Amino acid sequence: MAIVGIERLVYGVGDVQESARFFRDFGLRRLSESIEGGEFGLVNGSRVVILPLGHPALPREGGIVGQGVQEVIWGVDSESALEDLRTRVKQVVDVAWDGEVVRFVTPFGVPMGLRVWTPKPIVCAPDPSNAPGRVERLNRPRRWRLGATPRIITHVVFAVPNYDSVYQFMVDVLSFRLTDRQLGFGNYLRADGTNNHHNILFLNASAPLPGADGKLRFHHANFALEDLDEIMICVNNMIRKGWTPSEQGLGRHRVDSALFYYFNCPAGGEAEFGADADYIDDNWVPREWTNPLFGYAHFVHNLPPFLMQEPQWRFHYITGIEPKDGAH
């Protein structure tokens with residue numbers, strides 16, 4: 001075990017004040033804020049940093065086009081693991097070391113860093129659910145929530161040219177695991193010290209998606225909440241404060257089973273509320289979703305045109321197990 005999750009996302013933004021307002025309303029805890037930038041915290045101690053585009057603290061190298069996340073800092077569980085990773089990375093790309101963070105630019109142009117970090121403990125206690133014939137909550141109503149705070153940054157997503165080969169750097173050098181692949185669409189990767197289904201997703205920059213233009217761009221980041229109730233409490237709060245949600249509304253992905261709700265983010269890309277995703281370990285068998293639309297969503301609240309016809313049920317295990325077909 002070495003990389004234990006996302007310690008920090010560093011955004012380069014066009015409007016610092018509007019971006020700061022968004023993340024405050026999104027439920028992140030304000031750590032510092034000024035006209036020069038801001039820093040916001042999550043329950044596990046990870047952070048979102050916003051800086052104006054062109055700020056000297058932002059990476060000067062790299063190939064990310066437009067605003068959004070300009071650098072991803074990964075948390076590492078020990079000094080020895082950090083030194084091992086630094087040795088491996090510098091055999092492939094140049095590294096900078098300031099005594100705390102090992103910084104480098106990946107071969108595919110995304111600036112990243114590594115630092116020793118211990119996430120804070122998280123305690124969640126989602127209410128048990130009732131169903132006909134199975135009562136888990138007797139004489140007890142569900143909690144009436146007043147608000148919610150995202151617990152962790154589950155994953156970050158970039159649209160990447162040559163998406164189907166560049167992820168190999170993450171596997172060979174940083175010990176990430178391939179967890180799932182959507183044919184023609186993207187590759188999902190998990191850090192070796194986490195149980196999240198994925199911590200980074202590389203989308204096909206030339207896929208038929210809105211905004212895809214073949215260039216390296218930040219796409220979105222996922223912020224995990226406890227359950228569906230917390231998602232909708234946060235969504236209602238965001239809408240009351242004037243933020244526009246995704247036209248699809250609430251949905252559940254099929255690839256990692258997670259509930260989702262997206263908002264356009266003034267800091268770049270989208271910010272996603274998530275909950276109830278798959279948690280996995282090294283016994284997980286990766287799948288290739290040969291129909292990307294089938295993998296995209298189990299359901300969505302507002303059915304988009306591209307899902308109006310139910311996608312065909314098609315995937316197979318990358319180990320060579322025969323494709324699943326037929327019964328749902």
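The values are calculated or read from the model by the stated rules, or taken from the named source; none is laboratory data. Predicted model, so just to flag it, every value in this text is computed and none were measured. Cβ atoms come from the backbone with ideal geometry, glycine included; neighbour counts cover every protein chain shown. Just so you know, the surface numbers come from the protein's heavy atoms only, side chains and all, with ligands and any DNA or RNA stripped out. Shrake-Rupley method; radii C 1.70, N 1.55, O 1.52, S 1.80 Å.
Worth a mention:
- Sites listed here are chymotrypsin sites (Phe, Trp or Tyr not before Pro) in the stretch 234-328 whose DSSP assignment is loop and whose Cβ has at most 16 other Cβ atoms within 10 Å: W284, W313.
- Using only Cα coordinates, the Kirkwood hydrodynamic radius of the chain works out to 20.6 Å.
- Considering only G274, G211, G113, the Gaussian network model of the chain with Cα springs below 10 Å gives its largest mean-square fluctuation to G211.
- Shown in residue order for the stretch 52-62 are the 3J(HN,Hα) couplings computed by the Karplus curve 6.51 cos²θ - 1.76 cosθ + 1.60 at θ = phi - 60°: x, 3, x, 4, x, 7, 7, x, 8, 9, x Hz (x for Gly and Pro).
- Solvent-accessible area, 1.4 Å probe, carbon plus sulfur percent, for the stretch 1-153: 51 percent
- The loop-placed GluC sites (Glu not before Pro) in the stretch 28-101, going by DSSP, that have at most 16 neighbouring Cβ atoms within 10 Å of their Cβ come out as E36, E61, E100.
- Amide H contacts under 5 Å for N196, placed H, 5+ residues apart: I280
- Counting DSSP beta bridges with both ends in the stretch 72-121, the antiparallel % (nearest 5): 60 percent
- Translational diffusion of the stretch 135-267, µm² s⁻¹ [Kirkwood Rh, Cα pairs; Stokes-Einstein; 4 °C; 1.567 mPa s]: 78 µm²/s
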